[in-house]
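First the structure, in the form of structure tokens, and then the observations on it.
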Amino acid sequence: MTPEELSAAIATCLQDAIASGELSVPAEAVPRQLRVDRPKSRDHGDWATSIALQLAKPAGLPPRKIAEALSSRLAGIAGVAKVDIAGPGFLNITLDASAAGGLAQVIVQAGVAFGTNDSMAGRKINLEFVSANPTGPIHLGGTRWAAVGDSLARIFQSQGGDVTREYYFNDHGNQIDRFARSLLASAMGLPAPEDGYGGVYIEDIKDRVLAVEPAILDLAEAEAQERFRAVGVDLMFGDIKESLHNFGVSFDVFFHEDSLHQDGAVEALLEQLKKSDNLYFHDGAWWLKSTDYGDDKDRVVIKSDGNAAYIAGDIGYFANKRARGFDLNIIMLGADHHGYVARLKAAAAALGDDPDTIEVMIGQMVNLLKDGAPLRMSKRAGNVVTLEDLVDIVGTDAARYSLARFSSDSNIDIDLDVLTKRSNENPVFYVQYAHARTAAVARNAAAAGVDRSGFDAGALNHPTESELLAVLGQYPGVLAQSAQFREPHRVARHLEVIAGAYHRWYDACRVAPVGDEEITDLNRTRLWLNDAVGQVLANGLGLLGVSAPDRM
RNA sequence: GCGUGAGUAGCUCAGCAGGAUAGAGCGUCCCUCUCCUAAAGGGAAGGUCGCGGGUUCGAAUCCCGCCUCGCGCACCA
């Protein structure tokens, strides 16, 4: 029995109590989702609910009275062995060992489907992340989003969501010109332009452009710069796509900002905004009245030089996504872009659309520590640490896991020295090891002749088994919450909890018989549990894009 | 100044649609392999949950104020 199933059963009991007139609670006071928690102390049963305390005020009754009204009904739920009223009115529920143990079989039979759900079915979700400019390699901030964004996409899919992973290439505007000029300067042996880019990767791209077009420097300067732009940006695109692919992230759409300008989409939308009186002309530029829609200040959409400002592309891009049918557009941005949120939503509102179809996730910075001191990074100076650097140092699994296990809201410090040690300070090893251990136990069980031909749910009654079953049962709920709050780190953290419970169980309970002991249903049932743990760990690691090795 | 994120154990961080004695990993100190992977497990030490008010039967969690730190506040993208 999972906590969700128990919760649903308790909700039914509550409805019964209300219907029978025993309890009088205003409908709006009844929580839609009735929570059951795992108590910290084993003396408080397997699961507990504080529903009686929550309903005391709206029902106008002492909480213990409510608890009493509910406890006899809860005791009647199939699989519930005992219900106690404790403290101010907690309801502590103890399950039959057989009801709790049945979960092991349920999980094995569900396989990869265990934990999945259809709560997001029918939702067409566009998940835009990384979107690093094609003027350099993916830096650490982008790497964090690659790990978090791809995991979130997988989690949405596990909940039935229809997800499109999308990468927006800002290949329009003068940063690309700066990139081209930087390549040209490098090829001519000049220092990087004042507003340009430097560093080894510029040298590298320059060399590769020259390899493709050896005569490029014989062209007139403007023409040479254009060739550097065209070929250089292409090479950069290729590098970025390859890095992401090697990182296990497959984007469905690489969207080029330039295409919005090429096909006239942006121009048409700006005309529409002019007609709807959402744009005005001032100081030689066209401004969006974004303050009418909650922004701090109005924003220039067409600069006085006649060129489209950056937000013009965003307006076109949003309209494009909506035209493609996405009802939820999640955009992941770094903390240095959080000022965008208001203007993006304002732009949506100005178009007459629903700003709530846009959700912006802001990820805080990743700081690197080297020799215990913060490492300052600058793309211009060229001392960036890239996705590839990180993968070279710690590998894809550790990189993805260590970035995904933190809340995006917190700044994280990654100590290169620690990660270079490849010690088990990285929890990914702890979780992967637990998975490898389940595989080893299964191999040994098979060699000893233990199979899953028998199952006695009631036999899983050791304290470590009760704990292990409980945390396995929480997995679907953790997944659902992870999707709801867009927080993949909840999955990672719960895997660590499961791994810990598994290691403790392993220490206390054997699957394979010792020596020539007779094989019983206890051995077989424990094999079910062992395999269930392996399944859940593999499912969870899969959602994080991390491998689940059978041997380590 | 305004906006925004953070402040929880020595370190890195969970927990925050309020719940019973605040957690994990690492680090420190003990202990456990004749027994399926000791890359593990058990135990100990270690906390005014930034500070001050408020709401509540109950606050790390919600509200208000303050302090400190990160990030942002362009006709750059």
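Results for (1) in a helix (DSSP H, G or I); (2) of a type in the set (D, E); (3) more than 29 Å from A:R144 (Cα to Cα), shown as yes or no for each residue.
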{"site": "A:V471", "(1), (2), (3)": "yes, no, no"}
{"site": "A:Y475", "(1), (2), (3)": "yes, no, no"}
{"site": "A:L479", "(1), (2), (3)": "yes, no, no"}
{"site": "A:S482", "(1), (2), (3)": "yes, no, no"}
{"site": "A:A492", "(1), (2), (3)": "yes, no, no"}
{"site": "A:E496", "(1), (2), (3)": "yes, yes, no"}
{"site": "A:V514", "(1), (2), (3)": "no, no, yes"}
{"site": "A:E517", "(1), (2), (3)": "no, yes, yes"}
{"site": "A:R524", "(1), (2), (3)": "yes, no, yes"}
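Which residues, counting only those in segment A:25-70, are of a type in the set (G, A, S) and in a helix (DSSP H, G or I)? Explain how you work it out, then say what you get.
First, pick out the residues of segment A:25-70 that are of a type in the set (G, A, S): A:27, A:29, A:41, A:45, A:48, A:50, A:52, A:56, A:59-60, A:67, A:69.
A:A27, A:A29, A:A52, A:A56, A:A59, A:A67, A:A69, listed by residue number.
Being under 16 Å from the mean Cα position of the chain (by Cα) and part of a loop (DSSP other than H, G, I, E, B) is true for just one of A:G122, A:G115. Which residue is that? Steps first, answer last, please.
Numbers: A:G122 fails: under 16 Å from the mean Cα position of the chain (by Cα).
Unique residue meeting the criteria: A:G115.
Find the residue count for segment A:83-94, including only residues that are open to solvent by 20 Å² or more (accessible area, probe 1.4 Å), part of a strand (DSSP E or B) and either touching a Cys at 6+ places or on another chain (Cβ under 6 Å) or of a type outside the set (V, I, T) (or both).
At the first step, the residues of segment A:83-94 found to be open to solvent by 20 Å² or more (accessible area, probe 1.4 Å) are A:83-88, A:90, A:94.
Imposing the further condition that a residue be part of a strand (DSSP E or B) reduces the set to A:83-86, A:90, A:94.
Then keep just the ones that are either touching a Cys at 6+ places or on another chain (Cβ under 6 Å) or of a type outside the set (V, I, T) (or both); that gives A:84, A:86, A:90.
Residues meeting the conditions: 3.
With respect to A:Y506, is the statement that it is farther than 25 Å from A:V148 by Cβ, open to solvent by 20 Å² or more (accessible area, probe 1.4 Å) and within 12 Å of RNA strand B (Cβ to nearest atom) true?
Values: farther than 25 Å from A:V148 by Cβ: yes; open to solvent by 20 Å² or more (accessible area, probe 1.4 Å): yes; within 12 Å of RNA strand B (Cβ to nearest atom): yes.
Judged against the criteria, A:Y506 is a match.
Looking only at segment A:71-82, count every residue that is open to solvent by 40 Å² or more (accessible area, probe 1.4 Å) and either under 23 Å from A:I18 (Cα atoms) or part of a helix (DSSP H, G or I) (or both) and tell me the total. It would help to see each step written out before you state the result.
If we filter segment A:71-82 for residues that are open to solvent by 40 Å² or more (accessible area, probe 1.4 Å), which is where we start, we get A:72-73, A:75-76, A:78, A:81-82.
Those still in the list that are either under 23 Å from A:I18 (Cα atoms) or part of a helix (DSSP H, G or I) (or both) too: A:72-73, A:75-76, A:78, A:82.
Summing the residues that are open to solvent by 40 Å² or more (accessible area, probe 1.4 Å) and either under 23 Å from A:I18 (Cα atoms) or part of a helix (DSSP H, G or I) (or both) in segment A:71-82 gives 6.
For the condition touching a residue at least 40 places away in the same chain (Cβ under 8 Å) and in contact with a His (Cβ under 7 Å, 6 or more places away or on another chain), what is the one hit in A:A312, A:A342, A:A319, A:A308? Show your work before the answer.
Working: A:A312 fails: in contact with a His (Cβ under 7 Å, 6 or more places away or on another chain); A:A342 fails: in contact with a His (Cβ under 7 Å, 6 or more places away or on another chain); A:A319 fails: in contact with a His (Cβ under 7 Å, 6 or more places away or on another chain).
Of the residues listed, the single one that is touching a residue at least 40 places away in the same chain (Cβ under 8 Å) and in contact with a His (Cβ under 7 Å, 6 or more places away or on another chain) is A:A308.
Which one of the conditions (1) farther than 19 Å from A:Q175 by Cβ; (2) open to solvent by less than 70 Å² (accessible area, probe 1.4 Å) does A:E223 fail to meet, given that it meets all the rest?
Answer for A:E223: the failing condition is (2).
Which of the numbered conditions does A:G395 fail, given that it passes all the others? Conditions: (1) free of Cβ contacts under 8 Å to residues at least 24 places away in the same chain; (2) open to solvent by 30 Å² or more (accessible area, probe 1.4 Å).
(2)
Per-residue answers, yes or no, for (1) within 10 Å of RNA strand B (Cβ to nearest atom); (2) part of a strand (DSSP E or B):
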{"site": "A:Y280", "(1), (2)": "no, yes"}
{"site": "A:D292", "(1), (2)": "no, no"}
{"site": "A:D305", "(1), (2)": "yes, no"}
{"site": "A:G313", "(1), (2)": "yes, no"}
{"site": "A:R322", "(1), (2)": "no, no"}
{"site": "A:I331", "(1), (2)": "no, yes"}
{"site": "A:D336", "(1), (2)": "yes, no"}
{"site": "A:A346", "(1), (2)": "no, no"}
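If I go through segment A:1-45 residue by residue, how many of them are touching a Ser or Thr at 6+ places or on another chain (Cβ under 7 Å) and either open to solvent by 80 Å² or more (accessible area, probe 1.4 Å) or farther than 18 Å from A:A67 by Cβ (or both)?
1
Please go through segment A:455-500 and pick out each residue that is of a type in the set (D, E, K, R), open to solvent by 10 Å² or more (accessible area, probe 1.4 Å) and away from RNA strand B (no atom under 11 Å from the Cβ). I'd like the intermediate steps shown before the answer.
To start, the set of residues in segment A:455-500 that are of a type in the set (D, E, K, R) comprises A:456, A:465, A:467, A:486-487, A:490, A:493, A:496.
Subset that is open to solvent by 10 Å² or more (accessible area, probe 1.4 Å): A:456, A:467, A:486-487, A:490, A:493, A:496.
Passing the criteria: A:D456, A:R486.
For (1) over 15 Å from A:A180 (Cβ atoms); (2) more than 29 Å from the chain's Cα centre (by Cα); (3) in a helix (DSSP H, G or I), each residue gets a yes or a no:
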{"position": "A:L217", "(1), (2), (3)": "no, yes, yes"}
{"position": "A:E223", "(1), (2), (3)": "no, yes, yes"}
{"position": "A:I240", "(1), (2), (3)": "yes, no, yes"}
{"position": "A:S243", "(1), (2), (3)": "yes, no, yes"}
{"position": "A:F255", "(1), (2), (3)": "yes, no, no"}
{"position": "A:K274", "(1), (2), (3)": "yes, yes, yes"}
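In this structure, is A:S547 surrounded by fewer than 21 Cβ atoms within 10 Å (Cβ to Cβ) and outside any helix (DSSP H, G or I)?
On the way: surrounded by fewer than 21 Cβ atoms within 10 Å (Cβ to Cβ): yes; outside any helix (DSSP H, G or I): yes.
Answer is yes for this residue.
For segment A:194-210, which positions are touching a residue at least 12 places away in the same chain (Cβ under 8 Å), open to solvent by 30 Å² or more (accessible area, probe 1.4 Å) and more than 15 Å from A:G238 (Cβ to Cβ)?
Here is the first cut: in segment A:194-210, the ones touching a residue at least 12 places away in the same chain (Cβ under 8 Å) are A:195-203, A:205-206, A:208-210.
Next cut, open to solvent by 30 Å² or more (accessible area, probe 1.4 Å) only: A:195, A:200, A:203, A:208, A:210.
A:D195, A:V200, A:E203, A:L210, listed by residue number.
The values are calculated or read from the model by the stated rules, or taken from the named source; none is laboratory data. Not measured: the values here are computed from a predicted model. So basically every Cβ, Gly included, is an ideal-geometry build from the backbone, and we count neighbours across all protein chains shown. Areas reflect the complete protein model, heavy atoms only, side chains present, ligands, DNA and RNA absent. Shrake-Rupley method; radii C 1.70, N 1.55, O 1.52, S 1.80 Å.
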